[in-house]
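Each reported figure results from applying straightforward, stated rules to the coordinates on display, with no laboratory input. From a predicted model like this one, the values you see are computed outputs, not experimental measurements. All Cβ positions, glycine included, derive from the backbone under ideal geometry; neighbour counts span all protein chains shown.
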Amino acid sequence: MLGLVRLGKTAEGIDAYEAFVKANGKNEGLLRELAVQSILPFRADMREQVRGAAYSALKEIPSGEVVPYFQDGFSDGSGMIRVLVAEGMGKFPKARQSEGFRGALKDQAGLVRVTVLKALGGMGDPAIIPLITPLLRDEQRVVQVAAAAALYRLGQEEHWQTVERATDAPEGYERGAALRMLGEIGDPKGLPLLAQGLRDKQPSIRAAAAASLGKLGSVDGAPFLITALNDPVPAVRSVAAVTLGKLRAEQAVSPLTRALQDRNMGVRAAAIAGLLQLSSPFSVVAGTVRELMGQQNPGLRSSVAKALGHGRAYDVVGPLLLLLNDPVPKPKISAARSLGRVGGRELIPRLKPLMKDQNEAVRATAAGAIARLLSASPEA
């Protein structure tokens with residue numbers, strides 16, 4: 001059966017596993033291996049979306065055993081896929097020490113280099129400073145800023161000024177990069193700069209500032225984010241809503257509850273995510289959840305499935321199982337991923353049929369969710 005899924009014949013592999021179970025009984029170790037192996041063929045799919053789904057599924061599995069499955073991805077022709085690969089490998093300390101990961105500092109895509117720098121900066125190992133220093137002279141300013149941020153995190157405090165100056169750069173992409181790096185650095189002295197970023201003329205930069213306030217982790221940022229819930233651009237309001245939940249900012253409960261009535265449906269979904277992270281009673285968001293689940297736009301149904309991934313299992317599993325039967329792949333993908341994050345092994349029989357779905361991205365995501373659930377201890 002493992003041979004079947006390695007060839008991309010996932011449905012046949014699942015059927016073979018079910019026959020095995022009938023003859024021999026349940027074998028969770030085998031099912032987990034089957035799930036992981038079923039993801040791997042999709043890494044070579046011609047479609048970027050499917051390859052992205054495969055690497056995103058691998059990212060959901062909290063085990064260093066998946067690291068070798070990421071490494072070949074650095075040769076993918078898509079820069080966005082290589083970013084996913086760098087993000088996945090960057091979660092594991094041993095992977096960050098590998099030649100392949102560090103070699104990606106020379107990747108042709110600046111965003112890949114930035115992603116690797118973020119991971120290396122969090123290692124706390126001064127021995128890698130000589131590896132990072134040359135990127136202070138990178139051809140792209142965003143990479144220079146990321147290198148300065150990484151070096152600051154490694155104890156070279158003189159590089160703070162580089163990041164600080166970039167928050168006021170004339171080019172928007174550089175300001176945004178600097179604000180994102182402030183979140184990675186996590187130093188409270190970045191708070192005034194991020195508050196300033198929330199007043200930037202460009203919406204994408206305001207959104208970057210809002211997201212970084214969440215990474216900064218200080219509830220002192222909550223008043224600025226509450227103000228951002230009134231931003232004229234829905235994307236900024238959405239990021240602010242989710243970030244307020246990450247900060248566990250209790251003073252945000254009332255503003256987020258009002259945001260459930262926002263004129264933009266996407267902001268309502270973000271408000272659900274924020275409130276669930278704040279452990280608000282599910283009854284507060286239940287009406288909005290039902291409303292979004294009934295929308296014709298699959299993107300909105302996907303958004304609510306993603307938001308439910310921030311809730312308590314006994315509240316959100318029911319709606320997520322309904323979304324698992326959505327006729328469109330995108331909501332199913334979000335629902336499967338959320339179930340893998342909030343649920344327990346009792347959900348595996350509900351996820352397993354999706355490994356036979358007609359859509360390859362759905363199959364990969366369901367496999368990742370199953371492998372994640374089986375990676376947790378039986379008591380989890």
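Taken about its Cα centre, the stretch 331-377 carries a charge dipole of about 60 debye when Lys and Arg each add +1 at the Cβ and Asp and Glu each add -1 at the Cβ.
The residue list GLY122, GLY90, THR133 was ranked by how far each Cα lies along the charge dipole of the stretch 88-162 toward its positive end, using unit charges on Cβ atoms, and GLY90 comes out on top. In the chain, Cα pairs under 8 Å separated by at least six residues give a relative contact order of 13 percent. Net charge dipole, the stretch 161-201: roughly 120 debye, given to the nearest 20, about the Cα centre with Cβ charges of +1 for Lys and Arg and -1 for Asp and Glu. Going down the table (LYS26/LYS91; LYS59/LYS246; LYS246/LYS356; LYS330/LYS356), which pairs top 25 Å between alpha carbons? Correct reply: LYS26/LYS91; LYS246/LYS356. Averaging the Cα positions of each part gives two centres, and for the stretch 60-102 and the stretch 234-261 these lie 32 Å apart. An ellipsoid equivalent to the chain, defined through the eigenvalues of its Cα gyration tensor, has semi-axes of 35, 29, 17 Å when rounded to whole angstrom and sorted largest first. For the stretch 137-181, the extents of the C-alpha atoms along the principal axes are 28, 19, 14 Å, listed from largest to smallest.
In the chain, helical runs assigned H by DSSP with n ≥ 4 each contribute -39500 (n - 2.57); averaged across all residues and rounded to the nearest 500, the mean residue ellipticity at 222 nm is -19000 deg cm²/dmol.
Suppose a student asked you for the relative contact order of the stretch 112-231, using Cα pairs under 8 Å spaced at least 6 residues apart; what percent would you report?
Relative contact order of the stretch 112-231: 19 percent.
Between the beta carbons of LYS22 and ARG248, assuming R0 = 56 Å, the FRET efficiency works out to 0.75 to the nearest 0.05.
Rounded to the nearest 20, the size of the Cβ-charge dipole of the chain about its Cα centre is 600 debye, with Lys and Arg at +1 and Asp and Glu at -1.
A protection proxy built from the mean count of other Cβ atoms within 10 Å ranks the segments 22-32, 96-106, most packed first, as 96-106, 22-32. Towards the positive end of the charge dipole of the chain, with charges on Cβ (+1 Lys, Arg; -1 Asp, Glu), say which of VAL21, GLN277, GLY52 has the farthest Cα. Of VAL21, GLN277, GLY52, it is VAL21. Report note on the peptides 155-161, 9-15, 185-191: ranked by the mean count of other C-beta atoms within 10 Å, highest first, their order is 9-15, 185-191, 155-161. Computed over the stretch 99-241, the alpha-carbon pair-distance distribution with 10 angstrom bins reads 13, 43, 31, 12, 1, each value a whole percent. Volume per residue of the convex hull around the Cα atoms, evaluated for the stretch 274-354, comes out as 75 Å³.
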